[in-house]
Every structure is written in C-alpha cells, then in structure tokens.
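Any read-out appearing in this document is the output of simple, stated calculations on the displayed coordinates, not a laboratory observation. Remember, it's a predicted structure, so these values are computed and weren't measured experimentally. Here the Cβ positions follow ideal geometry from the backbone for every residue, glycine too, while neighbour counts run over all protein chains shown.
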Amino acid sequence: MLQFKLVLLGDSSVGKSSIVHRFVKDTFDELRESTIGAAFLSQSIKIKDPNSEEDVVIKFEIWDTAGQERYKSLAPMYYRNANAALVVYDVTEADSLVKAQAWVNELKQKVGDENLVIHLVGNKVDLVEEEPSKRVITVEEATKYAADENLLFKEVSAKTGLNIKEVFQTIGEKLYEI
Ligand code: GTP
Ligand code: MG
C-alpha cells in the first residue's frame, strides 16, 4: 500500500469539505459548517499498475483546510510536505477563481511543482445545470488557465458526486507514475 498526503485549498464555502465528505463517506450536507483550522480524513482507492495490470492500493491522508481569511497563515503547515493539492473554486463565484490562482502561485513558489501534483477543480456545476445564468467561470477559461499552468483540471459537483471519484483516481494514477 502506498500513502500520499493530499491538501485541499480554496476560498471559504467553495465546497472543499463537501468534496472530501462525498469522496470519503459518499454523503452531502446542504448546511455544512465552515471548517475551523483544518480537518483530517483518510480514504483508500485502487488503481491499476499500467505495466503489470495489477491492482495497487493508494491511501490518501487528506487535510481539509479552512478557507476563511483568519486561518490563512495555517495553510503552510498542511501543504508543506503534501504530495498533492486539490485547489477548489466555485463556478458561480468569480472571486473564487482569483483565490484559487493565488493558491497555485503560492504552492509553486513554496513547494515547487516537480514533486507536487496540483489538481484544479471547479465545484458546484449542479447549480449551473439547473440555472445556466449562474455560471460566471466558463470551462474554456479554466481549461486554458490549467493548461498554461500545467495543472490537472475538472469541473465537479460534491452535491451530485459528478467527477469526484474521478479526480482522486486521476491524482492517484499521477502520483503512482512519479
Ligand atoms: P470552508 O470550510 O469555510 O473553507 O468552506 P468549504 O470550502 O469547506 O465549503 P463547504 O464544503 O462547507 O460548503 C459550503 C456550502 O456550499 C455548503 O452549504 C454546502 O452544502 C454547499 N456546497 C458544497 N458543494 C456544493 C455543490 O457541489 N453543489 C451545491 N449546490 N452546493 C454545494
Ligand atoms: Mg470546510
């Protein structure tokens, strides 16, 4: 079994804790409380070794950080020796992408991206499926930014579960490669 440390970063209320709970417990809470400090959870997945085709178990040790400004100074403790970072924004909040980009810059500066897998995710796509006018960040804009910065990228919904497993699967496969 391989263990990797993963940290979630992003503005308050973009849905970091909801993504982790969907992944770890397969539940969703409409009224989730804002995280204080940080929360720790773990979950294992199976990936296939691309050469032998054998199953490999990967355990994620997940640090779900608090997005509120007053906790910002704690973040380095959690990303310092992380193997992967999930940087989250909300597709209905313009400001949240700006915050996500600031986290990407900080990670690249302080950790470097040779040994860190960075995955950008645009959460809450269920809201724009229901009401397209709620979308303020287009797939094209985020895809272009992610490509320019060499990040993995997917739009997800913690509410419906869309692409949540896929994101962790992709990160696991990428970490196994390197
Ligand atoms: P902090 O802990 O303050 O940093 O916030 P967070 O990023 O952990 O956000 P959290 O998971 O607490 O979610 C904030 C609110 O958004 C909650 O009311 C969630 O129910 C809601 N939410 C999270 N993900 C989704 C989603 O995919 N779709 C919808 N519609 N709502 C979501
Ligand atoms: Mg939270």
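From largest to smallest, what semi-axes in whole angstrom does segment 1-71 give when each is the square root of 5 times an eigenvalue of its alpha carbon gyration tensor?
Calculated on Cα positions only, the semi-axes equal 28, 13, 9 Å.
Can you run phi through the Karplus equation (6.51, -1.76, 1.60; θ = phi - 60°) for segment 118-135 and list ³J(HN,Hα) in whole Hz, with x for Gly and Pro?
Values per residue, Gly and Pro as x: 10, 10, 8, 10, x, 8, 6, 5, 4, 5, 7, 5, 6, 9, x, 5, 6, 6 Hz.
Explain nothing, just the number: dipole magnitude of the chain about its Cα centre with +1 on each Lys and Arg Cβ and -1 on each Asp and Glu Cβ, in debye rounded to the nearest 20.
520 debye
In which sequence would ARG22, ARG135 go, from the one with the fewest C-beta neighbours within 10 Å to the one with the most?
So the ranking, lowest neighbour count to highest, is ARG135, ARG22.
Dividing the convex hull volume of the Cα atoms of the chain by its residue count, what figure in Å³ per residue is obtained?
114 Å³
Quick one, can you get me the convex hull of the C-alpha atoms of segment 92-170 expressed as volume per residue in Å³?
87 Å³
Select from the chain the helices, each a whole stretch of DSSP H, whose alpha-carbon atoms run 18 Å or more along the helix axis and whose Kyte-Doolittle mean is at least -0.5; answer none if there are none.
164-177
Long-range amide H contacts for GLN43: which residues qualify at under 5 Å (H placed 1.01 Å from N, peptide plane, sequence gap of 5 or more or a different chain)?
PHE60, ILE62
Multiply the residue separation of GLN169 and LEU74 by 0.36 nm, subtract the distance between their alpha-carbon atoms, and state the gained length in nm to one decimal.
31.5 nm is the gain from fully extending GLN169 to LEU74.
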